[in-house]
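Visitor: One structure follows; several queries about it will come next.
Here, each number is a calculation from the coordinates, and none is a lab measurement. Here the structure is a predicted model, which is why all the values come from computation and not from measurement. Ideal geometry is used to build each Cβ from the backbone, glycine not excepted, and the neighbour counts take in all protein chains shown.
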Amino acid sequence: MAAKKELQVSAVENGTVIDHIPADKLFDVINVLGIQSLENTVTFGYNLVSSKLGKKAIIKIWDKFLKDDEVNKLALVAPTAKINIIKDFEVAEKKAVMVPKHVEGIAKCVNPKCITNNQKVRTKFDVVGSSPIVLKCHYCEKLTDQEHIVII
Amino acid sequence: MNKRSLVSITDYSKEEILEVLKIASEFEKNPNCNLLAGKVVASLFFEPSTRTRLSFETAISRMGGRIVGFSDASSSSTTKGESLKDTTKMVDNYCDLIVMRHPLEGAARFASEVASVPVINAGDGANQHPTQTMLDLYSIYKTQGTLENLNIFMVGDLKYGRTVHSLLQAMSHFNPTFHFISPKELEMPQAYKLFLDELHIPYYEHTELDDVINDADILYMTRVQRERFADPLEYEKVKNVYILKNSMLAGTKDTMRILHPLPRVNEIDEDVDDNKKAYYFQQALNGVYTRQAIIFKALDLKW
Ligand SMILES: [Zn+2]
């Protein structure tokens, strides 16, 4: 019954509900997942009351299931988010977003003198801190902290 | 990446550091050999660094190897817009080893992933310069007889000075005590202090260059580089803060030695040069033996 309570905006038959997004990260999540260019039906809840986060946001996407690299991108901007996979109006699976150990080709290095910002080199980071997230560039070895993470 | 590259000082374990220092002492006893006969080393200097380049080229010549390459980017095809990847791929076909200096940070790591031959990083921007660190370690080892349990004093620009950051990382294997002497504006970055905290390595911070150095085994001086400052006023404020003079060495340990990565500007007064504790000129010579040893290891050579 807990699942029913969460589906307060409108029920998804098949798709994904991303819950527990800090309200101020909603637009970052929309950007990193490219939601603005989806054809799917999407609804947003914004400034919903959350006991854990104060104000939270929720995104429901019909007929879409996140791929691993999308989950990784989500983890970088909203590590508190929870993913509910909905099948036939029921929560088929709940997953916490896991911050990966390595991220490739997702974020930009904060260092303007880094090779990845000057030549065609795919970025690679080790995740050296998870709350808040800190990325260490595999190439220039500089740290990029959560506030400065720019998704490519 | 091929395993034999040396891009960052952290690519070497403690055992590998000691192994290379041992090989370097063999080269010091007997610098000339023919171990590189028939081998071609590409020396790719995308920015000029005469000191480092001559040291490498001396090392290669003393081992009987041949050198191809360029000494600044204007004489290479990169001025025509060739990517580092393409230059590296091309050179990789011709040679057995690449020595690379590049102004962009991470360039050598990337090259080591693109090349099939080992890459030795001769400096990538403000990031790493591991052969400098190895020659510093060799100088410490030679003058103190050990790397273990030493009091290492670092003076000057501890914020931007990459040599002190790499030396700090490398010495962390050997139970050191660090003292950092710098103006507030140029203090050791938080990330390195946290690194030391995690390893329970003690460090002390000072803002005065005074008799605190009497405890030192190694006094590692650095220059304050104008190009590291966005604001020229900041540079003017700090450039003359710490100048080491001979009179300040009276109370220091007999075995203490002064190191400096060179070139110096004015941070060590010339009246120190004749003191036997001044070691910076011999330190530079150690660079040739150390680079010979690093090449020896990179190419998996045997005596
Ligand atoms: Zn980087």
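Visitor: Please list the equivalent ellipsoid semi-axes of region B:131-284, computed as the square roots of five times the alpha-carbon gyration tensor eigenvalues, in descending order and whole angstrom. Show your work: numbers first, answer last.
Guide: Working: eigenvalues 90, 78, 41 Å².
Ellipsoid semi-axes (Å, largest first): 21, 20, 14.
Visitor: Principal axes first, then extents: for the Cα atoms of the protein assembly as shown, list largest minus smallest coordinate on each axis, whole Å, largest first.
Guide: That gives 83, 54, 41 Å along the principal axes, largest extent first.
Visitor: Provide the three semi-axes, in whole Å and in decreasing order, of the ellipsoid equivalent to region A:34-152 as defined by the square roots of 5 times the Cα gyration tensor eigenvalues.
Guide: On the way: eigenvalues 177, 53, 34 Å².
Ellipsoid semi-axes (Å, largest first): 30, 16, 13.
Visitor: Hey, what number do you get for chain B at 222 nm if only DSSP H runs of n ≥ 4 count, each worth -39500 (n - 2.57), divided across all residues, to the nearest 500? Intermediate results must be reported in sequence, preceding the final value.
Guide: On the way: 9 runs with 108 residues, N = 303.
After summing the helix terms and dividing by residue count, I get -11000 deg cm²/dmol.
Visitor: Starting from the 7 Å offset along Cα-to-Cβ, what nm value, one decimal, do you get for the label separation of B:Leu54 and B:Lys245?
Guide: Rounded to a tenth, the inter-label distance reads 3.1 nm.
Visitor: Show me, for region A:96-113, the HN-Hα J-couplings you get by feeding each phi into the Karplus relation (A = 6.51, B = -1.76, C = 1.60, θ = phi - 60°), rounded to Hz, glycine and proline as x.
Guide: 7, 6, 9, 6, x, 6, 10, 10, 10, x, 10, 10, 8, 7, 6, 8, x, 8
Visitor: May I pose another question? On alpha-carbon atoms, Rg over Rh for region B:31-128 using Kirkwood Rh? Intermediate values should be presented prior to the final figure.
Guide: Numbers: Rg = 12.8 Å, Rh = 13.4 Å.
Reported Rg/Rh (Cα atoms, Kirkwood Rh): 0.95.
Visitor: How tilted is helix B:280-298 with respect to the longest principal axis of chain B? Cα atoms for both, answer in degrees (0 to 90, nearest 10).
Guide: Long axis of B:280-298 versus the principal axis of chain B: about 40 degrees.
Visitor: Provide the FRET efficiency to the nearest 0.05 for the B:Ser74-B:Ser25 pair, computing r from the beta carbons and using R0 = 30 Å.
Guide: Between B:Ser74 and B:Ser25 the formula returns 0.20.
Visitor: Among the listed pairs B:Lys14/B:Lys302; A:Lys64/A:Lys108; B:Lys89/B:Lys142; A:Lys136/B:Lys276; A:Lys25/A:Lys142; B:Lys239/B:Lys276, give every one whose C-alpha distance is greater than 32 Å. Mind dumping the intermediate values first?
Guide: On the way: B:Lys14/B:Lys302 21 Å; A:Lys64/A:Lys108 26 Å; B:Lys89/B:Lys142 39 Å; A:Lys136/B:Lys276 42 Å; A:Lys25/A:Lys142 25 Å; B:Lys239/B:Lys276 26 Å.
Pairs exceeding 32 Å: B:Lys89/B:Lys142; A:Lys136/B:Lys276.
Visitor: Additional query: Output the 0 to 90 degree angle, nearest 10, between the alpha-carbon long axis of helix B:84-94 and the longest principal axis computed from the alpha carbons of chain B.
Guide: Tilt of helix B:84-94: around 60 degrees.
Visitor: Then there's this: Near A:Val121, within a Cβ-to-Cβ distance under 12 Å, what is the net charge of the other residues, with Lys and Arg +1 and Asp and Glu -1?
Guide: On the way: positive: A:Lys108, A:Lys120, A:Arg122, A:Lys124, B:Lys85, B:Arg109; negative: A:Glu104, B:Glu105, B:Glu113.
Taking every other residue near A:Val121 into account, the sum is +3.
Visitor: Report the gain in length on full extension from B:Ser116 to B:Asn149: 0.36 nm times residue separation, minus Cα-Cα distance, nm rounded to one decimal.
Guide: Numbers: separation 33, 0.36 × 33 = 11.88 nm, distance 3.90 nm.
Length gained, B:Ser116 through B:Asn149: 8.0 nm.
Visitor: At most 13 other Cβ atoms within 10 Å plus a DSSP loop assignment makes a site exposed; report the longest stretch of chain B without any exposed trypsin sites (Lys or Arg not before Pro).
Guide: B:4-244
Visitor: Find me the longest stretch of chain B that has none of the exposed GluC sites (Glu not before Pro), where exposed means in a DSSP loop (not H, G, I, E or B) with at most 14 other Cβ atoms within 10 Å.
Guide: Free of exposed loop sites, the longest segment is B:209-303.
Visitor: Sticking with this one: Can you tell me which lysines have their Cα less than 17 Å from the Cα of B:Lys237? Leave out same-chain residues fewer than eight positions away.
Guide: Excluding near neighbours in sequence, the set is B:Lys159, B:Lys184.
Visitor: For region B:134-145, in order, what is each residue's ³J(HN,Hα) by Karplus, 6.51 cos²θ - 1.76 cosθ + 1.60 with θ = phi - 60°, in whole Hz (x at glycine and Pro)?
Guide: 5, 6, 5, 5, 5, 5, 5, 4, 5, 7, 9, x
Visitor: If you wrap a convex hull around the C-alpha atoms of chain B and split its volume per residue, what is the figure in Å³?
Guide: Values: hull volume 39.8 nm³, N = 303.
Looking at chain B, the number lands at 131 Å³ per residue.
Visitor: Oh, and also: Say R0 is 22 Å: what FRET efficiency, to the nearest 0.05, do A:Lys82 and A:Ser131 get from their beta-carbon distance?
Guide: On the way: r = 15 Å, r/R0 = 0.69.
Efficiency for this residue pair is about 0.90.
Visitor: Same structure again: Taking square-rooted eigenvalues a ≥ b ≥ c of the alpha carbon gyration tensor, is region A:15-96 rounded, prolate or oblate, where a/c under 1.5 means rounded and, failing that, a/b exceeding b/c means prolate?
Guide: Details: a/c = 1.39, a/b = 1.20, b/c = 1.16.
The shape class here is rounded.
Visitor: Could you work out how much longer the chain between B:Asp274 and B:Tyr94 gets when fully extended? Use 0.36 nm per residue separation minus the Cα distance between them, nm to one decimal. Write down the numbers at each step before the final one.
Guide: Values: separation 180, 0.36 × 180 = 64.80 nm, distance 4.59 nm.
Length difference between fully extended and current span is 60.2 nm.
Visitor: Taking the Cα-to-Cβ direction at B:Glu234 and at A:Thr43 and moving 7 Å from each Cα, how far apart do the two end points lie in nm?
Guide: My value for the distance between the label points is 5.1 nm.
Visitor: Each label point is 7 Å from the Cα along the Cα-to-Cβ direction; what then is the distance between the points at B:Ser83 and A:Asp63, in nm?
Guide: Placing both labels 7 Å beyond Cα along the Cβ direction yields 3.7 nm.
Visitor: Would you kindly give the portion of the calculated P(r) for region A:102-151 that falls above 14 Å, as a percent of all Cα pairs?
Guide: Values: 488 of 1225 pairs.
It works out to 40 percent of all Cα pairs.
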